[in-house]
């Protein structure tokens, strides 16, 4: 599949998660990583930041994840923000 295909799969998983959260009425999420040495720099800079669902989708549409090792998996997830 190659690394880009794998990254696209991760992106789809996170977009699916955002869609599920949105369907449940969630409007804001916090971007979380595993906070370990495997997290890529692009994802590390997003860790802990809060986004609207639309903003999170926009982040995923842009430059998303650049694993340093092709065997590494995406280390990101979203947490619903409840005001």
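The values are calculated or read from the model by the stated rules, or taken from the named source; none is laboratory data. All values derive from a computational prediction rather than experimental measurement. Heads up, the Cβs are rebuilt from the backbone with ideal geometry, glycines too, and the neighbour counts pull from every protein chain shown.
Please tell me if residue 69 is exposed (fewer than 12 other Cβ atoms within 10 Å of the Cβ), out of contact with any helix residue (DSSP H, G or I) (no Cβ under 8 Å at 6 or more places or on another chain) and at pLDDT below 85. Can you show your working first?
Working: exposed (fewer than 12 other Cβ atoms within 10 Å of the Cβ): yes; out of contact with any helix residue (DSSP H, G or I) (no Cβ under 8 Å at 6 or more places or on another chain): yes; at pLDDT below 85: yes.
Here the answer is yes, as residue 69 does meet what is asked.
Show me the strands (runs of 3 or more DSSP E) entirely contained within region 13-83 in which 2 or more residues are within 9 Å of the chain's Cα centre (by Cα). Can you show your working first?
Values: elements: 28-33, 50-52, 76-80.
In region 13-83, 28-33, 76-80 are the strands (runs of 3 or more DSSP E) which contain 2 or more residues that are within 9 Å of the chain's Cα centre (by Cα).
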